[in-house]
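Structure, as structure tokens:
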Amino acid sequence: MKPQRANAAPARIHWHRTATQAPVCETLTQEVKADVIVVGGGLTGTRTALGLAEEGASVVLLEAREIGYGASGRSGGQCNPIWRKTPGELAALLGADVAARLVETTLGAADALFEDIRRYGIDCEAEQNGWVQAAHSGSARQSMSALADAWIAAGADIRVLEGAEVQAAAGSPAYDFALLHAKGGFVQPLSLTRGFARAAQGFGARLFEKSPVRGVVRDGANWRVNTAQGAVTAAQVILTTNGYTDDAWPGLRQTFYPMVSVSLATVPLSDNLQKSVLPGAVTISDSRRAIYYARYDRNRRLIFGCIGSAETAATLGGVARLRRGLRTVFPQLSDIEVEASWGGTIAVTPQMMPHLHAPAPGVLAGLGFSGRGIAMTSVMGRTLARKALGAADDTLPFAVSPVSPVSPVPLHWAATKLLPLAAPAASLRDRVDDLLKKG
């Protein structure tokens, strides 16, 4: 059947069509014991389980639906390896010691991810060709320039691009200033998640799908995690549910805003179009409030995304917004056919930084990657595993928040109700910026 055009793009998740085979997982229907229970089968959870199992721990992972069901199987799959804050801003937010460890870890985060992929033999379309971070306005140019100066001083491999250099690197006339991050790249996110899951199973971890958690309760010196048909008892529980967090641990869902990222996949581009659109197969993202981002897949379809209102991408004009963005960034693709469109929920914290919570003895939670999930879920997964295995807090790249109960973000209920309107509102403000730039 011929792919549909423009706003009629079918609502299906592209990564499900091209992913490697899913790991074989049972549903938990009995009571079992383990050293550690990991709740959530996305990138963070599978990488955490892998790190623990590789060190010899007995691990049970519980996933409510299927491995990679959430944002790990729906994201753009771009490895963007620095934060939106400068090292100095991180020090002011986190303290000098934590920030220093985080900056050091961040500088190696992309290379560590791609080394993981090679080490565990994961087939996930991984390419590390660089990331173009583009400024859409004059004010964004100023802040992006300051960001580059600060991270270059810290040791990041970043090159400033201006004018024709941006066009040559990105193939887009929409920007005249950008940063080229040499360490950036992309992956097939669902294949990566499944690859971590299979590797964890290879070290003895037990993974259960369709096993939603119904409660986490004390059981003497241990924790008991009840599911719909079974239960697991362990000394430690690690919660890695990110944007799909529910109320299994009271208050955790209120620590972030559940925002949505929507994407489309075009038909494979011709050789000629590939020469003018992201030549060199770099990735791109920009500074818009309703951020635009793009990369290729293995067959050189272009994956293009922005902020959305719901996981059904068309909600409140989401697909139309994607098509308008595609025409803005790559006008040479104005008439390109679209094969699929979809959305996924991401966890965004007020600080735009992940949280590592320790809300009770023996309980950890890592979430809130705020659009940096491909690079930083692996960092968090390794960190959670180290922490569970006894690493001291002053050796970790994230600050541990020993808050019980976890603290909700201000006005969470009201903000969550209004979030679907944020994407069209942000897009409107971005269009005003574009008009001012042309004027």
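The values are calculated or read from the model by the stated rules, or taken from the named source; none is laboratory data. All values derive from a computational prediction rather than experimental measurement. When we count neighbours, we look across all protein chains shown, and the Cβ atoms used for this are built from the backbone with ideal geometry, even at glycine. Heavy atoms of the whole protein, side chains included, go into the accessibility calculation; ligands, DNA and RNA do not. Shrake-Rupley method; radii C 1.70, N 1.55, O 1.52, S 1.80 Å.
Across segment 328-375, which residue is least open to solvent (accessible area, probe 1.4 Å) among those that are polar (S, T, N, Q) and not in a loop (DSSP other than H, G, I, E, B)?
Step one: of segment 328-375, the residues polar (S, T, N, Q) are 328, 332, 334, 341, 345, 349, 351, 370.
From what is left, the residues that are not in a loop (DSSP other than H, G, I, E, B) are 328, 332, 341, 345.
Numbers: 328: 50, 332: 70, 341: 3, 345: 20 Å².
Looking at the filtered set, the residue picked out is 341.
Can you tell me which of 87, 81 is modelled with pLDDT under 95, under 30 Å from residue 394 (Cα atoms) and crowded, with 20+ Cβ neighbours inside 10 Å?
Answer to the selection: 81.
Test residue 381 against the criterion of being open to solvent by 30 Å² or more (accessible area, probe 1.4 Å) and either closer than 23 Å to residue 36 by Cα or in contact with a Cys (Cβ under 8 Å, 6 or more places away or on another chain) (or both), and give yes or no. Before you say what the answer is, go through the steps one by one.
Values: open to solvent by 30 Å² or more (accessible area, probe 1.4 Å): no; either closer than 23 Å to residue 36 by Cα or in contact with a Cys (Cβ under 8 Å, 6 or more places away or on another chain) (or both): yes.
No, not satisfied.
Out of 248, 199, I need the residue that is assigned to a loop (DSSP other than H, G, I, E, B) and closer than 22 Å to residue 69 by Cα. Which one?
Working: 199 fails: assigned to a loop (DSSP other than H, G, I, E, B).
After applying the criteria, what remains is 248.
Would you mind telling me which numbered condition in (1) aromatic (Phe, Trp, Tyr); (2) over 20 Å from the mean Cα position of the chain (by Cα); (3) open to solvent by less than 10 Å² (accessible area, probe 1.4 Å) residue 223 fails?
(3)
If only one of 375, 392, 385, 358 is within 30 Å of residue 117 (Cα to Cα) and without any contact (Cβ under 8 Å) to a residue 24 or more places away in the chain, which one is it? Write out each step before concluding.
Numbers: 375 fails: without any contact (Cβ under 8 Å) to a residue 24 or more places away in the chain; 385 fails: without any contact (Cβ under 8 Å) to a residue 24 or more places away in the chain; 358 fails: without any contact (Cβ under 8 Å) to a residue 24 or more places away in the chain.
The conditions single out 392.
Considering only residues that are under 18 Å from residue 183 (Cβ atoms) and outside any loop (DSSP other than H, G, I, E, B), which ones fall in segment 69-89? Quick ask: steps written out before the conclusion?
Step one: list which residues in segment 69-89 are under 18 Å from residue 183 (Cβ atoms), which gives 76-87.
78, 79, 87 - these are the residues of segment 69-89 that are under 18 Å from residue 183 (Cβ atoms) and outside any loop (DSSP other than H, G, I, E, B).
If you go through segment 91-111, how many residues are in contact (Cβ under 8 Å) with a residue 24 or more places away in the chain, of a type outside the set (S, T, N, Q) and either surrounded by 20 or more Cβ atoms within 10 Å (Cβ to Cβ) or outside any loop (DSSP other than H, G, I, E, B) (or both)? Lay out the reasoning, then the answer.
Going residue by residue through segment 91-111, those that are in contact (Cβ under 8 Å) with a residue 24 or more places away in the chain are 93-95, 97-98, 101-107, 109-111.
Narrowing further to those that are of a type outside the set (S, T, N, Q): 93-95, 97-98, 101-104, 107, 109-111.
Now restrict to residues that are either surrounded by 20 or more Cβ atoms within 10 Å (Cβ to Cβ) or outside any loop (DSSP other than H, G, I, E, B) (or both): 93-94, 97-98, 101-104, 107, 109-111.
Counting residues in segment 91-111 that are in contact (Cβ under 8 Å) with a residue 24 or more places away in the chain, of a type outside the set (S, T, N, Q) and either surrounded by 20 or more Cβ atoms within 10 Å (Cβ to Cβ) or outside any loop (DSSP other than H, G, I, E, B) (or both) gives 12.
Among what's in segment 112-137 and is assigned to a strand (DSSP E or B) and among the hydrophobic types (A, V, I, L, M, F, W, C), pick the residue that is nearest to residue 20 (Cα to Cα). So that I can check it myself, show each step before the final result.
Keep residues of segment 112-137 that are assigned to a strand (DSSP E or B), which gives 127, 131-134.
Narrowing further to those that are among the hydrophobic types (A, V, I, L, M, F, W, C): 131-132, 134.
On the way: 131: 25, 132: 28, 134: 32 Å.
Here the answer is 131.
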